[in-house]
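One structure is given here, and the rest of the page talks about it.
FYI, it's all coordinate maths here, none of it is from the lab. Remember, it's a predicted structure, so these values are computed and weren't measured experimentally. Here the Cβ positions follow ideal geometry from the backbone for every residue, glycine too, while neighbour counts run over all protein chains shown.
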Amino acid sequence: MNKVTVELELGTFATLIAGMYCTYSAVNPMAIPEYLWLEVATKVTPYLKDIESFEDWIKYNLLIIPKDLCSEEDIESYKKNTEYFERENGNAILIVTFEV
């Protein structure tokens, strides 16, 4: 596997995460607010050296989901991940969680 090292501004990094996440998960990019992508980018930045494959991390370890679609058991499980937070988005609450 070929690897490339680059430096990105936080906004560009957030856009990269958004584009890849929406591509892999078939989520409409307009369903998730811009500020949330910036927060995800900020929270994952300290862990980048621990992520072996960024593409796999986005595919398999990053989850953004409406809280109403989760059971209490799911939520308790997500809270054990490396990061877990909830943000209001209109009349919905989005759960964002990831494991590194």
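Output the number of the condition that residue 75 fails; it satisfies all remaining conditions of (1) assigned to a helix (DSSP H, G or I); (2) exposed (fewer than 12 other Cβ atoms within 10 Å of the Cβ).
(2)
Being in contact (Cβ under 8 Å) with a residue 60 or more places away in the chain and either surrounded by 15 or more Cβ atoms within 10 Å (Cβ to Cβ) or in contact with a His (Cβ under 7 Å, 6 or more places away or on another chain) (or both) is the requirement here; does residue 96 meet it?
The answer is yes for residue 96.
Among what's in segment 24-66 and is surrounded by 14 or more Cβ atoms within 10 Å (Cβ to Cβ) and either over 13 Å from the mean Cα position of the chain (by Cα) or among the acidic types (Asp, Glu) (or both), pick the residue that is farthest from residue 3 (Cα to Cα).
39
So residue 85 passes all but one of these: (1) in a helix (DSSP H, G or I); (2) in contact with a helix residue (DSSP H, G or I) (Cβ under 8 Å, 6 or more places away or on another chain). Which condition number does it fail?
Here residue 85 meets the rest and fails (1).
When you look at residue 15, is it loosely packed, with under 14 Cβ neighbours inside 10 Å, β-branched (Val, Ile, Thr) and closer than 19 Å to residue 94 by Cβ, yes or no?
When the stated conditions are applied, residue 15 does not pass them.
(1) aliphatic (A, V, I, L, M); (2) without any contact (Cβ under 8 Å) to a residue 60 or more places away in the chain; (3) in a helix (DSSP H, G or I): which one isn't true of residue 36, the others all being true?
Single failed check for residue 36: (2).
Give the residues of segment 23-60 that are within 21 Å of residue 91 (Cα to Cα) and of a type in the set (A, V, I, L, M, F, W, C), sorted by residue number.
Passing the criteria: 27, 30, 31, 32, 36, 37, 38, 40.
Filter segment 55-76 for residues that are within 18 Å of residue 14 (Cα to Cα) and free of Cβ contacts under 8 Å to residues at least 24 places away in the same chain and give the result.
Within segment 55-76, 56, 60 meet the criteria.
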